[in-house]
Amino acid sequence: MNVTALLIGLGPLLGWGLYPTIASKIGGRPVNQILGSTLGTFIFACVFALIKGIGLPTGIDLFFSILSGVGWASAQIITFKSFGMIGSSRAMPITTAFQLLGASLWGVFFLGNWPSMTAKILGGLALILIVIGASMTVWSEEKSQENTSVLKKAVIWLAIGEIGYWAYSAAPQATSLDGMQSFLPQSIGMLLVAVIYAAVLGRKETSAFTESVSYKHIFSGFFFAFAALTYLISAQPNMNGLATGFILSQTSVVLATLTGIWFLGQKKSAKEMRVTIVGLVLIILAATVTVLL
């Protein structure tokens, strides 16, 4: 692996690692966060497409690329809601674990991954480790019925959100496009969901279109877009390849969790912190196993 490929491969570490913390720090409601984030992503994608001379695809390629963006934005709305319930430092390891589980199971049942019995056994153990690691990151010394109830609700919501993240990853597989060609239409799908969501809520609540905090989130959208683009480039065969690129991108959960603790006041005791770090290590190691099998 050359230095350039490694640096590009670590782009998602910075982008996706800082994105949830920046979005939480800027604040606002989930509708403000998704509207500004998707607008920022769309602006980033338009500039990139202009620089690279990439036009919009047509037909079925356009449909599935937009569907991919619709899936991500729908899931991200749920994820933003979970931030308000349990904080980004707890929500991010859970949603990462669900995404790893979903991607692995999709690969096994529909793409023929892990063909041998040994691979299935090792892969199954890795998935168990992912679940254990995620549960360790939300472990608390002081348990209360209220906190447990909120955590359960957040986990259920994040599990539902996995459907959208699955669509984000799976829909492009039905196209003949490479990742960079899908980037702009994906951002259109993301923005479309955000605009509809904001318009519907605007009938009952203050319109997100008129709130300045929505447009502050354009900045956080740049971080997401940077991560998404560098991952697409990193996953190309002449760079890091899909497997290594995916592993490098998953390191973002470590930065997202730790920055949430350090900069957002999502405090943990010394013992909770140790357990959380062990949980994060388990998630990364298990992710490596699932991809390399």
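Every read-out reported here was derived from the displayed coordinates using simple, explicitly stated rules and does not represent laboratory data. Please read all numbers here as calculations on a predicted model, not as lab measurements. We place every Cβ from the backbone using ideal geometry, glycine too, and count neighbours over all the protein chains shown.
Take every Cα pair under 8 Å in region 3-292 that's 6+ residues apart, average their separations, divide by the length, and report that relative contact order as a whole percent. Averaging sequence separation for qualifying contacts and normalising by length gives 46 percent for region 3-292. Shown for 231, 19, 197: other C-beta atoms within 10 Å of each C-beta, ranked fewest to most, produce the order 197, 231, 19.
Estimated from helical segments only, the mean residue ellipticity of the chain at 222 nm is -27000 deg cm²/dmol, where each DSSP H run of four or more residues counts as -39500 (n - 2.57). Net length available on complete extension from residue 148 to residue 213 is 20.3 nm, with 0.36 nm assigned per residue and the Cα-Cα distance removed.
Looking at this model, which pairs from 143/216; 153/204; 25/271; 52/81 are more than 30 angstrom apart at the alpha-carbon? Walk me through the intermediate numbers first.
On the way: 143/216 36 Å; 153/204 24 Å; 25/271 26 Å; 52/81 35 Å.
Over 30 Å apart, Cα to Cα: 143/216; 52/81.
Ordering 251, 137 from the fewest to the most neighbouring beta carbons within 10 Å gives 251, 137. Using a simple spin-label model with pseudo-atoms 7 Å out from Cα toward Cβ, residue 63 and residue 174 lie 0.7 nm apart.
Between residue 203 and residue 56, the FRET efficiency from the beta-carbon distance, with R0 = 41 Å, is close to 0.85. Per Stokes-Einstein, at 4 °C and 1.567 mPa s, what whole-number D in µm² s⁻¹ belongs to the chain, with the Kirkwood radius over Cα pairs as the hydrodynamic radius? Result for D is 67 µm²/s. Specify the longest stretch of the chain that does not include any exposed loop site, a site being one of the GluC sites (Glu not before Pro) with a non-H, G, I, E, B DSSP assignment and at most 15 other Cβ atoms within 10 Å. Value returned for the longest uninterrupted segment is 1-140. Working note: Karplus 6.51/-1.76/1.60 with θ = phi - 60° gives region 173-188 the couplings 5, 8, 10, 9, 8, 8, x, 5, 6, 7, 4, 5, x, 4, 5, 5 Hz, where Gly and Pro are set to x. When each of 190, 117, 180, 136 is scored by the number of other beta-carbon atoms lying within 10 Å, the sequence from fewest to most is 117, 180, 136, 190.
Among the trypsin sites (Lys or Arg not before Pro) found in region 129-204, those both in a DSSP coil and sparsely packed, with 16 or fewer other Cβ atoms within 10 Å of their Cβ, are 143, 203, 204.
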